[in-house]
Amino acid sequence: MFKKDANMLEMGKKILYQQPFSLLLGAELIKFGDGCAELSLEIREDLKQNNGFAHGGVVSYLADNCITFAGASVLGACVTSEYKVNYVRPAIGERLVARSEVLYSGKRQSTCECKVYAYKDGEEKLVAVSLGTISKIEAQ
């Protein structure tokens, strides 16, 4: 179960490292707590699609996981119950960064927004916007 304390980022990193798919992609948790989260990953060759930019599934993964972490910072243990992604431009660059925040939270669910950016030569460009509903689950 999540606890609100100064060690939330470290706790979030431990949870991320328990997700084999996140490890496969090389995701890193940069920020976690107070209704927000930030995830990042390097755009490697094996994460690109045939046109040379990051695959939409990789961008979608970042948005999904980031909104879930943001929701977890206020709800505790939770899962994504739904989300949508709007791709606004190809994800071209060296790194992707997803930033999410809770827009509203009740006792059992929260609505979260995420923006995913691609970084190339130090410049940040918006590549996707996501909105999702995160639902609290009982600790296992």
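Just so you know, all these numbers are worked out from the coordinates, no wet-lab data involved. The structure displayed is predicted, hence computed values, not measured ones. A quick note on method: Cβ atoms are made from the backbone with ideal geometry, for glycine too, and the neighbour counts reach across all protein chains shown.
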Selection within the range 53-104 - part of a strand (DSSP E or B), closer than 14 Å to THR133 by Cα and either in contact with a Cys (Cβ under 7 Å, 6 or more places away or on another chain) or touching a residue at least 60 places away in the same chain (Cβ under 8 Å) (or both): SER100, GLU101, VAL102, LEU103
Test set (1) surrounded by 20 or more Cβ atoms within 10 Å (Cβ to Cβ); (2) touching a strand residue (DSSP E or B) at 6+ places or on another chain (Cβ under 6 Å); (3) closer than 16 Å to GLY132 by Cβ - GLY35 fails condition number: (1)
Considering residues of the range 86-101 that are out of contact with any helix residue (DSSP H, G or I) (no Cβ under 9 Å at 6 or more places or on another chain) and under 18 Å from GLY52 (Cα atoms) only, the residue surrounded by the most Cβ atoms within 10 Å (Cβ to Cβ): GLY93
Test: residue in the range 34-51 that is more than 26 Å from ASN7 (Cβ to Cβ) and among the small types (Gly, Ala, Ser): no
Condition broken by ASN50, with the remaining ones in (1) touching a Lys or Arg at 6+ places or on another chain (Cβ under 7 Å); (2) over 22 Å from GLU124 (Cα atoms); (3) free of Cβ contacts under 8 Å to residues at least 60 places away in the same chain satisfied: (1)
